[in-house]
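See below for the structure under consideration.
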Amino acid sequence: MRNLLPATEENVRRAAEILRRGGLVAFPTETVYGLGANALDPRAVARIYEVKGRPSFDPLIVHVASREDVHRLVESLPPEAEALMSEFWPGPLTLVLPKSDAVPPITTAGLPTVAVRMPSHPVALRLISLAGVPVAAPSANPFGYVSPTSARQVAETLGDRVDVILDAGRTSIGVESTIVALRGDDAFLLRPGGLPAEEVERVLGRPLKLPSESDVMAPGMLKRHYAPRTRVIIVNSWEEYYRLRAMYGRVLLLLPRPLHGVEGDVRFLSERGDMGEVAANLFGALYEADREGYEVIAVMPVPEVGLGRAIMNRLRKASAPR
Ligand code: AMP
Ligand code: MG
């Protein structure tokens, strides 16, 4: 793969130049690999939608390299946004704020708001600051498929439709950012993610609201997403698991922690039952299971607190009917 390059300073410089010229660069963040383009260049952003096969109603997250970079993207910055930014940036928290005229409609799918985030991965930060432009970047995978946590996964699924893929090994968080929308006096959790919602609530001093199903506030939040081709089934009991094993030929069981004496092909997502590790290993495990030709991926649920909320959100979407 000629476009797959180690994320050395020289290659990051080349990639930044490509971004400036309207090209597409896949790059590591601490959450997952992103597929980036200059967020202020409508033609460059259009290529993201094209390469991913992403529907045009699904807005992108704009990545910045410093807190100051946000000012030109938003119309106003509420005090609560500033508080969250100073507490959690750089990091896996995306804020949805009223957009400025500098952001073209294609980047926000026509919405009056823009989603912004400052990633903490040093390669992402270096790339964005060398490019000198904000970088719109969804996950670097075909739309609806498992998000990439390694550069190889990007290369295998998007191939040479991307100008450069910067390789910096596996991502540390492994699930996408937490998305919070601040609107008037309300704060909404649009997507649970790599920053536990409880941490956001601690800084805000009140609980986050959930948008209603009919709310247009969270477009692109489709029922089925993050899904491998292999069927994913959440199993709530051992009876269910053994029933699946009787029904299907090849079943892979994913467990959050080691448990011995279970029949069949089993993979532990963490050696210590640590939810951070489970999140970091989840997408990679789904992706590998797909390649290994299993008929069913069975997964045991985890408690829905902290990162467990993001993990179960991804699993429910991956297991939703086609
Ligand atoms: P990702 O799939 O990680 O690229 O995240 C993009 C998601 O962020 C979209 O599918 C939306 O759900 C959400 N998002 C992005 N921009 C906005 C916005 N302006 N308002 C609400 N949600 C947004
Ligand atoms: Mg995605």
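Taking each DSSP H run with n ≥ 4 as -39500 (n - 2.57) and averaging over every residue of the chain yields -9500 deg cm²/dmol at 222 nm.
Its Cα gyration tensor gives the range 33-174 an equivalent ellipsoid. The semi-axes, each the square root of 5 times an eigenvalue, are 24, 18, 13 Å from largest down. Amide H contacts of Lys99: Glu75, Thr113, Val114, each under 5 Å away and 5 or more positions distant or on a separate chain (H built 1.01 Å from N in the peptide plane; Pro and chain starts excluded).
Each Lys or Arg adds one and each Asp or Glu subtracts one; over the other residues with Cβ under 13 Å from the Cβ of Val103, this totals -2. Here the range 184-320 is assigned +1 on the Cβ of each Lys and Arg and -1 on the Cβ of each Asp and Glu. Its dipole about the Cα centre then comes out at about 320 debye. Rounded, prolate or oblate: which fits the range 83-137, taking a ≥ b ≥ c as square roots of the Cα gyration tensor eigenvalues, rounded meaning a/c under 1.5, else prolate when a/b beats b/c? Oblate shape, in that a/c is at least 1.5 and b/c is the bigger or equal ratio. Near Ala65, once Lys and Arg are set to +1 and Asp and Glu to -1 for all other residues with Cβ below 15 Å from its Cβ, the sum equals +3. Debye calculation, C-alpha points only, no solvent: report log10 I(q)/I(0) for the chain at q = 0.06, 0.10, 0.13, 0.14 Å⁻¹, in the same order as the q values. Taken in order of the listed q values, log10 I(q)/I(0) reads -0.20, -0.55, -0.93, -1.07. Give the angle, between 0 and 90 degrees and rounded to the nearest 10, that separates the Cα long axis of helix 42-52 from the longest principal axis of the Cα atoms of the chain. Computed tilt is about 10 degrees.
Counting only other residues whose beta carbon sits under 10 Å from that of Val133, what net charge do I get with K and R as +1, D and E as -1?
Taking every other residue near Val133 into account, the sum is -1.
Any read-out appearing in this document is the output of simple, stated calculations on the displayed coordinates, not a laboratory observation. These numbers were taken from a predicted model, which means no experiment stands behind them. Note that each Cβ is placed from the backbone with ideal geometry, even for glycine, and that neighbours are counted across all protein chains shown.
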